[in-house]
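Asker: Handing you a structure now.
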2 protein chains.
Amino acid sequence: MSIQERKAREFNRRESEILNAALALFGRADWELVTVEEISRKAEVGKGTIYKHFESKDEIYARLALEFNRKLLAQIQQTNLLPVIARFREMTRVAWEAHLSSKELHRVVLYCGRAEFRRNLPARISEELKAVEAATNKAINSAIMQGVEEGLFPRKPLDMLMFGAQSAFWGAVQLIWSGYLNERDKARYCDEITNFILTGLIYQDRRL
Amino acid sequence: MSIQERKAREFNRRESEILNAALALFGRADWELVTVEEISRKAEVGKGTIYKHFESKDEIYARLALEFNRKLLAQIQQTNLLPVIARFREMTRVAWEAHLSSKELHRVVLYCGRAEFRRNLPARISEELKAVEAATNKAINSAIMQGVEEGLFPRKPLDMLMFGAQSAFWGAVQLIWSGYLNERDKARYCDEITNFILTGLIYQDRRL
DNA sequence: GTCGTATAATGACCGGTGGTCACTAATCAG
DNA sequence: CTGATTAGTGACCACCGGTCATTATACGAC
């Protein structure tokens, strides 16, 4: 049934168009006020059509975040052959680049990270998001275990080792985008936070 | 004019009642769905009364955040006589305690930190928030300068030194409340992040 | 061709929300 | 007593996310 296939293709294309239209609108300063009707106009479809493709406005956010996380995961997994310090630097650089290169996507990913958001998400999408996040954590865990085995990081529970590193990274990205910091030298901030994280991991159980 | 004073006192008391009612409702799991009318019912006033006291719903959030930040600032400023490491530990502990002891207030403070929120805030409140934040930053800066002068932290731009520390703290608090972590040992997480921050500050320019 | 079927697409419509405003009630100065 | 001021009020408005009856199109069966 080639015609049915074509129809399915067109259906999927329309879905992408809607997502792209939404993402484009989320570039606006008042992106949280973007309405479903605006998205439908930008995508050149009727408002009802949106709801043939997505259960809710929130699912649009979630699908965009999912796509972002999948791409990031693939990049992070590709660092697995590097020596441990270079691996951390590369993972941080890749994630930094991903979050800093698109204000729209960063906003959406952050928006979808909140517990209040996750609670009301359709189960299907929620599971997908959890799966990608679990895979990402596994990749980071693997890097940390590598560091522990090489004697670079102290031997202690993995979640505690992860905690500081993840905190610093997420906090840094958010500080950047929240506008308090100097826009000029984002690259330097990346270097700073990468060093900060590695330093924390390596020296955290030394006496102060 | 004792009677006018009494009236003013009652007006202020009503304002506090509204803020308390709002804060109580923000403890709900779906706190973002709390409506102005619900707040007015809880405070036992008419809905219109809310708008005699606050320009918008957002101003209610902002006023709660302001109160939180003021109390925190006062506590942070009281650490100024401690030796530098103890000072940092105490500052972190106090801020940690403030954020972790009330889910409602933490939510509100975070909600008010977003750039999108700040943009639409009435100028008066916005200035007040900025002032408190500036004072808080000044207090932290003073502690960091103390560390630099004692030769404990490396000599480099203050904002770069602050960056890692603030990132790690904010990221940690958010990770805790986002629900990914174990609720049991919040105290241990506090110790971890405090060490992580101090380690980062002290060793961040060592060779890795 | 033509009829019945399936389904993507649509926009008028609904319930609920933040915010407004004309009005009431209480108090005060003259 | 009278006019002015102001806290308090809730019916009302514009607008939003989401629904659903209807339309348009393409298909296979005959």
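What follows draws every value from the coordinates through simple rules; no lab data is involved. The structure displayed is predicted, hence computed values, not measured ones. Backbone-built Cβ (ideal geometry, glycine too); neighbour counts: all protein chains shown.
Asker: Loop-only check: which GluC sites (Glu not before Pro) in segment B:93-159 are DSSP coil with at most 11 other Cβ within 10 angstrom?
Answerer: Listed in order of number, the matching sites are B:150.
Asker: In whole Hz and in residue order, list the ³J(HN,Hα) couplings for segment A:198-203 that follow from phi through the Karplus curve 6.51 cos²θ - 1.76 cosθ + 1.60, θ = phi - 60°; x for Gly and Pro.
Answerer: 4, 4, x, 4, 6, 9
Asker: OK, next. Tally Lys/Arg at +1 and Asp/Glu at -1 over every other residue whose Cβ is under 14 Å from the Cβ of residue A:43; what's the total?
Answerer: Combined, the nearby Lys, Arg, Asp and Glu give +2.
Asker: In nm to one decimal, list the spacings between the residue A:182 label point and its equivalents in the other copies, with label points set 7 Å along Cα to Cβ, shortest first.
Answerer: 4.1
Asker: For each of A:194, A:79, count neighbouring Cβ atoms within 10 Å of the residue's Cβ, then give the residues from fewest to most.
Answerer: Going from least to most buried by this count: A:79, A:194.
Asker: When chain A is turned about an axis onto chain B, which of its residues keeps its C-beta closest to that axis, and how many Å is it?
Answerer: Residue with the nearest Cβ, plus whole-Å distance, for chain A: A:171, 1.
Asker: How tilted is helix B:103-113 with respect to the longest principal axis of chain B? Cα atoms for both, answer in degrees (0 to 90, nearest 10).
Answerer: 80
Asker: Restricting to Cα atoms and excluding each atom paired with itself, what does the Kirkwood estimate give for segment A:1-53 in Å?
Answerer: With all distinct Cα pairs of segment A:1-53 included, I get 11.7 Å.
Asker: Right, something else. Principal axis extents for segment A:57-203, Cα atoms only, whole Å, descending order, please.
Answerer: So the extents along the principal axes, rounded to whole Å, are 47, 36, 25.
Asker: I would also like to ask the following. With viscosity set to 0.890 mPa s and temperature to 25 °C, compute the Stokes-Einstein D of segment A:102-145, Rh being the Kirkwood radius across alpha carbon pairs; µm²/s, no decimals.
Answerer: This corresponds to a translational diffusion coefficient of 209 µm²/s.
Asker: Let me ask another. Only sites in a loop by DSSP and with at most 12 other Cβ atoms within 10 Å count here; which trypsin sites (Lys or Arg not before Pro) in segment A:124-160 make the cut?
Answerer: Hits after loop and neighbour filter: A:155.
Asker: Taking the inverse of the average 1/r across all pairs of different Cα atoms in segment B:1-94, what Kirkwood radius in Å do you get?
Answerer: After inverting the mean inverse Cα-Cα distance, the result is 15.6 Å.
Asker: Around residue B:34, which amide H atoms from residues at least 5 apart in sequence, or from another chain, sit under 5 Å from its own amide H, with H modelled in the peptide plane?
Answerer: Here the answer is none, since no amide H 5 or more places off falls under 5 Å of that of residue B:34.
Asker: Enter the mean number of other protein chain beta carbons within 10 Å of the beta carbon of each residue in B:181-189, as an integer.
Answerer: If you average over the peptide's residues, the count of other-chain Cβ atoms is 2.
Asker: Which order results if B:148, B:108, A:109 are arranged by neighbouring Cβ count within 10 Å, fewest first?
Answerer: Ranking B:148, B:108, A:109 by Cβ neighbours within 10 Å, fewest first, gives B:148, A:109, B:108.
Asker: Same structure again: How crowded by other chains is B:154-166, given as the mean number of beta carbons from other chains within 10 Å of each beta carbon?
Answerer: Mean partner-chain Cβ count within 10 Å for B:154-166: 4.
Asker: Using a Cα-Cα cut-off of under 25 Å, which lysines could be cross-linked to residue A:138, ignoring same-chain neighbours fewer than 8 residues away?
Answerer: Filter leaves A:71, A:130, A:156, B:186.
Asker: Rounded to a whole number of µm²/s, how large is the Stokes-Einstein D of the protein assembly as shown at 20 °C and 1.002 mPa s, given Rh as the Kirkwood radius over C-alpha pairs?
Answerer: Approximately 91 µm²/s, per Stokes-Einstein.
Asker: Another question, if that's okay. Where the centroid of each part is defined by its Cα atoms, how far is segment A:133-206 from segment B:152-183 in Å?
Answerer: So the two Cα centres are separated by 10 Å.
Asker: Which value, in debye to the nearest 20, describes the size of the charge dipole of segment A:65-208 about its Cα centre when Lys and Arg Cβ atoms bear +1, Asp and Glu Cβ atoms bear -1, and nothing else is charged?
Answerer: 160
Asker: For chain A, modelled as a Gaussian network with Cα springs under 10 Å, which listed residue fluctuates most, A:180, A:61, A:111?
Answerer: A:180
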